[in-house]
Amino acid sequence: MDDPIRTEMMKHRLVSVAEEMGARLQRAAFSPNIKERCDFSCAVFDASGNLVAQAAHIPVHLGAMPLSVQACLESLMLAPGDVAMVNDPYRGGTHLPDLTVVSPVFVEGMASPILLGVVANRAHHADMGGMSAGSMPLSQEIFQEGLIIPPVKLMMSDQKNDDIWRMLLANVRTPEERMGDLQAQLAANQIGGERMRAMAERFGVQPLLAEMDALLRYSERMTRQLISTLPNGCYCFEDALDNDGFTGKPAVIRVAIMIEDEQVTVDFSETDTQRPGSINAVYPVTLSAVAYVFRCVLGLDIPANSGCLRPIQIIAPEGTLVNARRPAAVAAGNVETSQRIVDVLLGALAQACPDRIPAASQGTMNNLTIGGWDQRHNRPFAYYETIGGGIGAGPQSNGASGRHSHMTNTLNTPVEAVEYAYPFRIARYALRQKSGGNGRYQGGEGIVRTYEFLQSAEVTLLSDRRVTRPYGLEGGAPGQPGHNRMKQNGEEQDVPGKCSFPVEAGDELTIETPGGGGYGIK
Amino acid sequence: MSTSGQSSQNVWVGIDIGGTFTDFVIYSSSDQSLQRFKILSTPADPAEAVLQGLAQLPHHPGRHVVHGSTVATNAILERKGARTALITTKGFRDVLHIGRQNRPELYDLFPVISPPLVPREWSFEISERVDCKGNILTPLQDQGLPPILEMLRNDGIQSVAVSLLFSFVNPTHEQWLTKRLRDEGFFVTGSSEILPEFREYERTSTTVVNAYVSPVLDTYLGRLEREMKPTEFHIVQSNGGRISVAQARGHGVRSILSGPAGGVVGARYLAGLAGFTRILTYDMGGTSTDVALVHEAIHVTTEATVGGNPIRVPVIDMHTVGAGGGSLATVDAGGNLRVGPQSAGAQPGPVCYGRGGIIPTVTDAHVVLGRLPIDGFLGGRMRLNVEAAQQAFDEVSRQMVLAPRSGLDVRQTLALGMIQIANVHMERALRVISVERGEDPRETVLVAFGGAGGLHACDLARALGIPHVLVSPMAATLSALGMLAAEVQLDYVQTVMLPGNTPFEIIEQDLQREGVDPDLWVLSRTVDVRYVGQSFDLAVPLTSMFCEEFHRIHHARYGYSQPETPIEIVNVRVRAVGHVTPPTIPTRPLGSADPTAAQWEDRPVVLPQGIQPVPHYWGARLRPGHEVNGPAILVLDDTTIYLGPTDHAEVDTYSNILIQVGVTDG
């Protein structure tokens, strides 16, 4: 029987391990993407790779990280002092820039060391090589997107595995930054490992392992109890991504959610097949989106761990948009398709419990990468950012404006920080008026951000909701779709949602992000 | 006044305004006497209690008052600041509304963003642009100002914040605007005056906070000054230093977190007298617990947030958790026992107070465990109802499945569990403030104050490997005492992005205005350094060895360094400290180690290994030199100390209780 006092204490202790790792990763990292934008997650796992405790970082990493950890545990013989890394989306990753560093935590045993658990962190690197700077390209197969790293050993017996480091750094555009960020990821795991070993010493190995199990059961119990508050039934919904950047037609995601007492089945069988473009989501991304939605709908207070997912069964046939088959391109699956999966899940659940579900938020992350050769500093540069938009209105409140929604919560890069570090300037950064959907409660406003280029560069855009619109609920109007445009030699023209193009000094790119859907009839 | 010190024939009064009481500590430098008293606070008009208290003192022409004000904080939390407008570079009026574009909670489908202090309709733009090198790309379009002025007047705006892009590199445009606006009679804050540091959102937010609170603070201080005349008047700032009222007035943002600062300053001072310079302060109150780090100096941060508004001026790096004496026990959907963050507050308070509380609090847990004597609370003036507390625990235990620990009944198990869970929350806070700041808690002393701290301090220290706990007999008025120990302290920053220097004359003028004897100033310069390409920096003392020092600190803090990578200086910081002579704390020589004279009686107390009779001592009868072995309960006037079976306490010459913490809890 689980002890309500010991489990509660261990819950806080384990989360604080993950938080301490996060604090160190953020402080120690090199790139703005990790330091300023906090695009990373840290977590503690048991010896089987179940996520036991996670700090409140990026939702898209929650469901996916255990699969990365499991891939490393399965394919490598990890010994004390070893550290693994992986980014392969088909081995538990999400997309190539998300690099996961996995450290087994061993304690001395009677005969041989005992695997106490695993600490791991995942961080979005600003470049992983491939056809476009930033490694978020308009690709048609994964090989174009960058360096694919299967589970490999980054460290062996506390020594750098130099061959792997050289191999990695030779394939990326900004090797110094990558090295700094990787060092920070190692430093984060190091502190996590130390904390876990200290806890094993303080409480004993067996009691600690037992409490890790208890914590999974605890989250499972909470999840089951909260699912039972939802009405039984089957709820269907569909929504689409605009296109995949190559073929013009919308990519439709269809879901049926079956709620049966304490159990849920999420069935994506009717979803469209995978596409040539990079909007394909690998299964871990879909899992993360499902985990995120149920965590939100069921309440803020369930500790995020693998136990939350036990009462939820997912049916996602291989070869569809929500479970891509190798070697489909996947760069945008993690950042764009994940948002649409959330939209369809919430749309379905709105039928089950309308009082708990908001209208659609912007439904895109507006991924922008700018790369090239920085003539001022005579070095390559790769810049990546995502832009907030409107949040969907709720049954009792207007949607927030100019924010990231659902599967991301990264910070912006300050206008002044951008100008110090890169050969472009931000000319405007404002709320986009009248972009939120009307209703009894108003959808949040999107954002307008204008970039002025100071020298030639290459720009890649992966954005959605430029055609389809974030839906309203209960009669509320949809939000305005987003809009991208370029000004070159005084002439302005529209730019598609997903595209890649060169720019020259003096050019201006303006991105208008979607507004949130409205709620209720005005 | 000619010197800064309390050495002249002066009376110094430290005043701390708390939620319930306003505390006064009076120090007379002529006879080195120290008095303390409390009166009830007057929350509707905090100045009232200050004036009432001062009226109880004999008038003294050379009287100085040092005061921590919550007026600025409350103006923000209650949204009762000045009608404030903002002027930004064209294209950026929404800077406060967008913020950093993140939402406060990840798993919340209905994120609530606290509205900025300046509504959108009072945010204005002016056409101009300066680049990151300070070159003017677009000259300021001065014809844009008259229409703005008209709108400011029509809307009855009192205070204006001006925050232009890169004004910290080239402030020409911003200075022109601030001058024009001041000429028009507005209270004006320019971002390059208050925080010449990059990152536009944080700088603008800091500027707006200053604009919003300063007029309110000004009114409050003006009233006090008028009514207290000819008293000299000083304010404790959020960085733990003191400044004169004249300087505080225009810089309200600098005193915004001055309330809790006094306690940390006081703890640092008393611990320093006892010989400890590396301490963790631990202030456990009714609803929350504040912890801070002192390593010689008080650890400050520039990453504070007040009511959702970032402020980037130095404030004491304090971490707060929602666990205190009034934290409530609940059972969650997964069957776990939770402690806090809900609190019984002052009303109804803990169940044992008998004021209508029915859910057990941490204080009730101590009563049930026998660690808080029901007839010793507040010097015996308030008797606690142990039966009511026990029944409340029975009610909670019915909602959960809990096997009693050996030797204990269910309610005692539950009460002990509550203490343990509250300790985990506070242990986490102490780890954040020490380990995450690169400080090893095992090399510090835990200084406990606040009503409930003494009951938890030894267990917390044990969990963190902290060898000593210090509890001062002045714990209850530590904050007011701290006000008198606060040094004059002024902080300056400038973003440079390369080697640069700070205008020394400004510092000199400011210090002269504080009346600090030039011989008593200490200037310390630090630089914020990072590797080129990195986006956060580390503060390093500016010496000829600062590069090596940077690599060393980087390695210590983050586990790696890259000596071959070039570094850059982001900000230059100067701190000017004017030393004051703090109050003399009375001492008595050490006497016998035998504490029998202070012994009260033995009573049953729940210890980790079961119930046993434990000696209780009267704190007021403990004398310097006395030694007490745990387990024991020491009942002081304003706090109670629990010594575990392996803990050992000694009373030092200042009457501090210094506890050597045992390694095991039994």
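A short reminder: the numbers here are calculations on the coordinates, not readings from a lab. No experiment lies behind these values; they were computed from the predicted model shown. Please note: Cβ atoms are built from the backbone with ideal geometry, for glycine as well, and neighbour counts cover all protein chains shown.
Tabulated results
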{"item": "Over chain B, equivalent-ellipsoid semi-axes from the Cα gyration tensor in Å", "result": "45, 28, 26"}
{"item": "Taking only Cα atoms of the range B:346-471, radius of gyration then Dmax in Å", "result": "16.1, 46"}
{"item": "Efficiency of FRET between B:Arg525 and B:Asp375 - r from beta-carbon atoms, R0 56 angstrom, step 0.05", "result": "0.50"}
{"item": "Residues A:Ser361, A:Ser132, A:Ser435 arranged by fewest to most Cβ contacts within 10 Å", "result": "A:Ser132, A:Ser435, A:Ser361"}
{"item": "Of the GluC sites (Glu not before Pro) in the range A:468-522, those whose Cβ has at most 15 other Cβ within 10 Å and which sit in DSSP loop", "result": "A:Glu504"}
{"item": "Residue order, fewest to most beta carbons within 10 Å, for A:Asp301, A:Asp181, A:Asp464, B:Asp218", "result": "A:Asp301, B:Asp218, A:Asp181, A:Asp464"}
{"item": "Calculated FRET value between B:Ile358 and B:Arg226, using beta carbons and R₀ = 35 Å, to 0.05", "result": "0.15"}
{"item": "Packing-based exposure ordering (other Cβ within 10 Å, fewest first) of B:Asp638, B:Asp440, B:Asp31, B:Asp283", "result": "B:Asp31, B:Asp440, B:Asp638, B:Asp283"}
{"item": "Degrees between helix B:145-154 axis and first principal axis of chain B (Cα, 0 to 90, nearest 10)", "result": "50 degrees"}
{"item": "For the range B:458-467, 3J(HN,Hα) per residue [Karplus equation, 6.51 cos²θ - 1.76 cosθ + 1.60, θ = phi - 60°, Hz, x = Gly/Pro]", "result": "5, 5, 5, 4, 4, 4, 9, x, 7, x"}
{"item": "Loop-located GluC sites (Glu not before Pro) in the range A:141-186 whose Cβ has at most 16 other Cβ within 10 Å (DSSP)", "result": "A:Glu141"}
{"item": "Cα Rg over Rh - the range B:76-218, Kirkwood", "result": "0.97"}
{"item": "Gain upon complete extension [B:Met382, B:Ala556; 0.36 nm per residue less C-alpha separation]", "result": "57.6 nm"}
{"item": "Relative packing of peptides B:448-457, A:205-214 - highest average C-beta neighbours within 10 Å first", "result": "B:448-457, A:205-214"}
{"item": "In degrees, nearest ten, helix B:172-183 long axis to first principal axis of chain B (Cα)", "result": "80 degrees"}
{"item": "Inter-label distance for A:Gln159 and B:Thr20, nm, one decimal - labels placed 7 Å from Cα along Cα-to-Cβ", "result": "6.4 nm"}
{"item": "For residues of A:440-446, the mean tally of beta carbons on other chains within 10 Å", "result": "1"}
{"item": "Length added when fully stretched, B:Gln399-B:Gln56, from 0.36 nm per residue minus Cα-Cα", "result": "118.2 nm"}
{"item": "Above-threshold pairs, the threshold being 32 Å between Cα atoms, out of A:Lys11/A:Lys498; A:Lys522/B:Lys90; A:Lys434/A:Lys498; A:Lys11/A:Lys153", "result": "A:Lys11/A:Lys498; A:Lys522/B:Lys90"}
{"item": "Derived scalar couplings ³J(HN,Hα) [the range A:411-416; Karplus, 6.51 cos²θ - 1.76 cosθ + 1.60; whole Hz; x for Gly, Pro]", "result": "7, 7, 8, x, 4, 6"}
{"item": "Shielding by partners - mean other protein chain Cβ count within 10 Å, residues of B:84-94", "result": "3"}
{"item": "Projected label distance in nm at B:Arg83 and B:Arg621, using a 7 Å step from Cα toward the beta-carbon", "result": "6.5 nm"}
{"item": "Approximate spin-label separation A:Glu201-B:Glu48, in nm, with each point projected 7 Å along Cα-to-Cβ", "result": "5.7 nm"}
{"item": "Debye intensity ratio in log₁₀ form over the Cα atoms of the range A:358-522, taken at each q of 0.12, 0.15, 0.18 Å⁻¹", "result": "-0.52, -0.75, -0.98"}
{"item": "Relative contact order (percent, whole number), the range A:275-398, Cα cutoff 8 Å, 6+ residue spacing", "result": "26 percent"}
{"item": "Residues of type lysines that B:Lys80 reaches as a straight line, Cα spacing below 27 Å, ignoring anything fewer than 8 places off in the same chain", "result": "B:Lys179"}
{"item": "Relative contact order (percent, whole number), chain B, Cα cutoff 8 Å, 6+ residue spacing", "result": "13 percent"}
{"item": "Residues of the range B:59-86 with amide N under 18 Å of the 7 Å Cα→Cβ point at B:Arg36", "result": "B:66-68"}
{"item": "Mean shadow area of the protein assembly as shown over all directions, Cα convex hull, nm²", "result": "44.6 nm²"}
{"item": "Protection proxy ranking, peptides B:292-300, B:222-230, B:411-419, average beta carbon neighbours within 10 Å, highest first", "result": "B:411-419, B:292-300, B:222-230"}
